[in-house]
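Everything on this sheet refers to the single structure shown next.
The values are calculated or read from the model by the stated rules, or taken from the named source; none is laboratory data. These figures come from a predicted structure and were not determined experimentally. Glycine also receives a Cβ, built like all others from the backbone with ideal geometry; neighbour counts cover every protein chain displayed. All accessible areas refer to the heavy atoms of the entire protein, side chains included, with ligands and DNA or RNA removed. Shrake-Rupley method; radii C 1.70, N 1.55, O 1.52, S 1.80 Å.
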Amino acid sequence: MNDLDSPDITRGDTLGIFAQTALAVDMFDAAREMTANVAIPFPRDAFRDVILCGMGGSGIAGDLLVNAYWQRLRKPTRAFRGYMLPAWAGESTLVVASSYSGSTEETLTCMMDAVDRTCPVMAITTGSKLRDHYVPQNIPVFDVPPSPMPRAALVQMLTTLALSLDRLGVIELHPGELEDARDTLEAAIDRYGPQRPESENPAKQIARKIQGTIPLIWGGEMTSSIAYRWKCQINENANLPSFWADIPEHNHNEIVGIEGHGRADLRASVVMLRDPRQHRQVERRFEALTKLIDGRIAPVIDVVASGQGTLGRIFDLVLLGDYVSLYLAVLDDVDPGPIEMIDRLKATLAEGLYGRLAIGR
Ligand code: PA5
C-alpha cells in the first residue's frame with residue numbers, strides 16, 4: 001500500500017502490532033502499578049553488581065537501560081545475551097532474567113545458573129516457565145501487561161526494569177522523570193501514529209525516504225542501543241535487512257567502508273539518532289560525519305530525541321523507530337506481526353535434548 005494516510009493502513013497487520021503500539025501509555029501505567037505490588041525479599045546491599053539477561057525484544061530493555069543510565073549507575077551493571085554467566089558472577093551479583101514469553105532457553109539457562117551460584121535473582125515476564133518455576137521459590141517475578149509479540153512489549157518491559165532497579169538503588173530516577181516519560185509517550189503516539197497525516201508525521205516521512213534502501217542506523221551513547229532497536233524493528237516488522245553502528249566506535253572502522261558504498265550492489269540510507277544531552281564530542285562527530293558522507297549515501301536523515309528526562313527521550317526515539325518500521329511494512333505490503341524465521345529456528349532447537357534443561361520440559 002502506497003498511501004500511508006489510508007484508513008486501511010492496518011489491514012495487513014494480522015496480529016495487531018499497530019494497535020498495541022498505540023497503547024504505550026496504558027502499558028506504561030499498568031507496568032507501574034504491577035511493579036509496585038511485587039515484594040523484593042533482599043536488601044539493596046545484598047549485591048555489588050548486576051547482570052541483566054534477556055534475548056531479542058526482551059534483552060533490548062537491558063541495553064537501553066545500561067546505555068542511557070550509564071553515568072547514573074550506582075553499581076556495575078551489564079546487559080548480557082547468551083547462555084553462560086561470566087566466571088565473576090556469584091552471591092553478590094544480582095541477576096535479572098527478562099523474557100516476555102518466559103520460555104526463552106538462553107534466559108532460562110542463565111537463571112538456573114544464577115540460582116545454582118546463589119546469586120540474588122529476579123525475573124520480568126508474562127509467565128510460562130520463568131514465572132511458574134520461580135514464584136513458588138519466593139523469587140520476585142514481575143509480571144508485565146500482555147502484548148501480541150515480545151518486541152511490542154518494550155514499554156512495559158523497560159518500565160518494569162527501570163522501576164525495579166530504582167527500588168534497589170541501582171539507578172535513581174529523577175523527580176518528575178516518570179511523569180515526563182508518560183507525557184512523551186503520549187506526544188509520540190500523537191506525532192508518529194497512523195492518524196497523523198504524512199505531511200506532518202516524521203515517522204511516515206522517514207519510512208517513505210528510506211523505502212527500497214538498506215537502512216544504516218547510527219547512534220551514540222544513549223542512542224546507541226536505540227539504533228540497535230531500530231535495526232531490530234526494521235528486521236522483524238518490515239522483514240528487511242538493516243544495520244546499526246555506535247558512534248564513536250564507528251568512526252574507527254566502519255567509516256572507511258563508506259568509501260566503497262557505490263561499488264557494492266546495494267543502496268543504503270543513513271539515519272542518525274541524536275540526543276540533546278550527548279557528549280559535545282559525540283555531537284561534533286555526527287556533524288563531521290554528515291559532511292563526510294555527503295554525496296556518497298542518500299538520504300541521510302537526522303533525528304533528535306524529544307522529552308526532558310532520560311526515560312522520556314528513550315521512549316520518543318523508540319516509538320519513532322517502531323512506527324518507521326511499521327510504515328515500511330505497509331509500503332512493502334508486509335504483515336508486521338509474524339516472525340516466521342525466528343519461530344522456525346526455535347522449533348528446530350526445541351527438538352534437541354537441551355530443552356530438558358529449560359525447566360520441566
Ligand atoms: O521479537 C521477538 O519475538 C524475539 O526477539 C524475542 O523477543 C526473543 O526470541 C526472546 O523471546 P522472549 O522475549 O519471549 O524471551
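For segment 257-286, how many residues meet the condition of being out of contact with any Asp or Glu (no Cβ under 9 Å at 6 or more places or on another chain) and open to solvent by 90 Å² or more (accessible area, probe 1.4 Å)?
So the answer is 6.
Only residues that are over 17 Å from Cys53 (Cβ atoms) and either of a type in the set (Ser, Thr, Tyr) or open to solvent by 50 Å² or more (accessible area, probe 1.4 Å) (or both): list them for segment 66-83, please.
Tyr69, Trp70, Gln71, Arg72, Arg74 - these are the residues of segment 66-83 that are over 17 Å from Cys53 (Cβ atoms) and either of a type in the set (Ser, Thr, Tyr) or open to solvent by 50 Å² or more (accessible area, probe 1.4 Å) (or both).
Please count how many residues of segment 15-35 are more than 15 Å from the ligand (Cβ to nearest atom) and either assigned to a loop (DSSP other than H, G, I, E, B) or modelled with pLDDT under 95 (or both).
2
I'm trying to understand the selection: among the residues of segment 62-83, which are among the aromatic types (Phe, Trp, Tyr) and either within 16 Å of the ligand (Cβ to nearest atom) or within 13 Å of the chain's Cα centre (by Cα) (or both)?
Our first condition is that a residue be among the aromatic types (Phe, Trp, Tyr); within segment 62-83, this holds for 69-70, 80, 83.
Scanning segment 62-83 gives Phe80, Tyr83.
In segment 1-17, how many are closer than 16 Å to Pro146 by Cβ and crowded, with 19+ Cβ neighbours inside 10 Å? Walk me through it before giving the result.
If we filter segment 1-17 for residues that are closer than 16 Å to Pro146 by Cβ, which is where we start, we get 15-17.
Subsequent filtering for residues that are crowded, with 19+ Cβ neighbours inside 10 Å retains 17.
Number of matching residues: 1.
List the helices (runs of 4 or more DSSP H) that sit entirely inside segment 246-361 and contain at least 3 residues that are within 16 Å of the ligand (Cβ to nearest atom) and closer than 24 Å to Pro197 by Cβ. Walk me through how you get there before you give the answer.
Values: elements: 254-257, 280-293, 310-331, 340-350.
Output list reads 310-331.
Tell me which residues, restricted to segment 18-43, are exposed (fewer than 13 other Cβ atoms within 10 Å of the Cβ) and either of a type in the set (D, E, K, R) or in contact with a Phe, Trp or Tyr (Cβ under 8 Å, 6 or more places away or on another chain) (or both).
If the condition is that a residue be exposed (fewer than 13 other Cβ atoms within 10 Å of the Cβ) and either of a type in the set (D, E, K, R) or in contact with a Phe, Trp or Tyr (Cβ under 8 Å, 6 or more places away or on another chain) (or both), then Glu33 is the only one that fits.
Against the definition (modelled with pLDDT of 95 or more, out of contact with any Lys or Arg (no Cβ under 7 Å at 6 or more places or on another chain), β-branched (Val, Ile, Thr) and within 22 Å of Gly56 (Cα to Cα)), how does Val334 come out, yes or no?
Details: modelled with pLDDT of 95 or more: yes; out of contact with any Lys or Arg (no Cβ under 7 Å at 6 or more places or on another chain): yes; β-branched (Val, Ile, Thr): yes; within 22 Å of Gly56 (Cα to Cα): yes.
In short, yes.
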